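The values are calculated or read from the model by the stated rules, or taken from the named source; none is laboratory data. Bear in mind that the values here come from a model prediction, so they are computed numbers and not experimental data. Methodologically, a virtual Cβ is constructed for each residue, glycine included, from the backbone with ideal geometry; neighbour enumeration extends over all protein chains shown. These accessible areas exclude ligands, DNA and RNA; they are computed on the full protein's heavy atoms, side chains included. Shrake-Rupley method; radii C 1.70, N 1.55, O 1.52, S 1.80 Å.
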Amino acid sequence: MANAIYEQMRELALGAGLDWIAQDYRAALVDLDTADLFGIAVTDATNATPIVCTTAAAPSTGTIISQQGITGNTNANGHFRVTNLTATTYSLQDYTTDANVAGNGVFGGTDPNFFSLTGAQNLDDIPAGARHAILTASIGSKAIVAGAADSADWTWLAVPADGGDDSDLVVVYEHTGVESTSRLLLCITEATGLPVIPNGGDISLIVNNNVHKLFRL
């Protein structure tokens, strides 16, 4: 699974303010969809180095984004740091190395979107209409294994259908009981079964057994 840590929580973790084992972390299934007011539509992604994307409102330079739903030019999907070029265009850089990202095809897609990992901070930054399901209990068996955060697998029970809309990503957050203080921790955009269309049944996430587990700082 591909995942990225929200910038606020990255800073807290580096300052020893994140306690993965002791704190109550939960997860939401999220629909990356402009109809639910979450995500901004991407209308072009050039086959160039760096990839230049077009949207109605380009993010500012240095913003870290997650971008999904682009076909053909699939290198434009993932987590990136951006450079603002104009009010409607931005280029993509690797968010860990800052290297320019090269295109690999012609733009296409079904509802391609991006959202900011820098701007969103708390659960209330994700509109309620974009959340298909939220875990009702804390993620279990949390542990740190060789520097990586691990946990038991988890399941959302009886996730209701939402007019055929799919769940595009998973967001892990610190549950405080108040949305405005429940800090966003992790965004998972690639996992077996994602995106998934809820149909009233249970939906499970299987945590990776590789060295990175859920995330590594």
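Of the strands (runs of 3 or more DSSP E) lying entirely inside the stretch 24-85, those containing at least 2 residues that are farther than 24 Å from residue 8 by Cα span 40-45, 52-55, 64-72. For the structure I just gave you, tell me whether residue 152 is of a type in the set (A, V, I, L, M, F, W, C) and surrounded by fewer than 20 Cβ atoms within 10 Å (Cβ to Cβ). Judged against the criteria, residue 152 is a match. When you go through 168, 202 one by one, which is the residue that is surrounded by fewer than 19 Cβ atoms within 10 Å (Cβ to Cβ), acidic (Asp, Glu) and either out of contact with any Asp or Glu (no Cβ under 6 Å at 6 or more places or on another chain) or at negative phi (or both)? Residue meeting the stated conditions: 202. Restricting 98, 94, 125 to residues that are among the acidic types (Asp, Glu) and under 17 Å from residue 180 (Cα atoms) narrows the list to 125.
Within the stretch 152-182, the residues that satisfy the criterion of being among the aliphatic types (A, V, I, L, M) and farther than 19 Å from residue 117 by Cβ are 152, 157, 158, 159, 161, 178.
Considering each residue of the stretch 133-147 in turn, at least one proves to be charged (D, E, K, R), under 22 Å from residue 177 (Cα atoms) and surrounded by 13 or more Cβ atoms within 10 Å (Cβ to Cβ).
Taking (1) at pLDDT 90 or above; (2) more than 28 Å from residue 94 (Cβ to Cβ) in turn, residue 184 satisfies each apart from (2).
Within the stretch 93-107, residues that are among the aromatic types (Phe, Trp, Tyr) reach partners that are buried (at least 19 other Cβ atoms within 10 Å of the Cβ) and part of a loop (DSSP other than H, G, I, E, B) with beta carbons closer than 6 Å, at six or more positions or on different chains, in the pairs 107/73. In the stretch 88-102, which residues are open to solvent by 50 Å² or more (accessible area, probe 1.4 Å), part of a strand (DSSP E or B) and not polar (S, T, N, Q)? Correct list: 94 only. Among the residues of the stretch 151-165, those identified as outside any strand (DSSP E or B), modelled with pLDDT of 85 or more and closer than 18 Å to residue 126 by Cβ are 159, 160. If the condition is being exposed (fewer than 13 other Cβ atoms within 10 Å of the Cβ) and either acidic (Asp, Glu) or without any contact (Cβ under 8 Å) to a residue 12 or more places away in the chain (or both), then the stretch 155-165 contributes only 163.
As a summary of the residue check, residue 120 satisfies the conditions (1) part of a loop (DSSP other than H, G, I, E, B); (2) open to solvent by 40 Å² or more (accessible area, probe 1.4 Å) except for the one numbered (2). For the stretch 60-76, the set of residues classified as free of Cβ contacts under 8 Å to residues at least 60 places away in the same chain and either closer than 30 Å to residue 164 by Cα or of a type in the set (A, V, I, L, M) (or both) consists of 65, 67, 70, 71, 72, 73, 74, 75, 76, listed by residue number.
Determine if the stretch 189-211 includes at least one residue that is assigned to a helix (DSSP H, G or I), closer than 19 Å to residue 136 by Cβ and of a type in the set (D, E, K, R). There is no residue in the stretch 189-211 that is assigned to a helix (DSSP H, G or I), closer than 19 Å to residue 136 by Cβ and of a type in the set (D, E, K, R). The condition of being polar (S, T, N, Q), open to solvent by less than 60 Å² (accessible area, probe 1.4 Å) and over 22 Å from residue 171 (Cβ atoms) holds for only one of 54, 74, 43, that being 54. Residues of the stretch 173-196 that are open to solvent by 20 Å² or more (accessible area, probe 1.4 Å), aliphatic (A, V, I, L, M) and within 17 Å of the chain's Cα centre (by Cα): 191, 194, 196.
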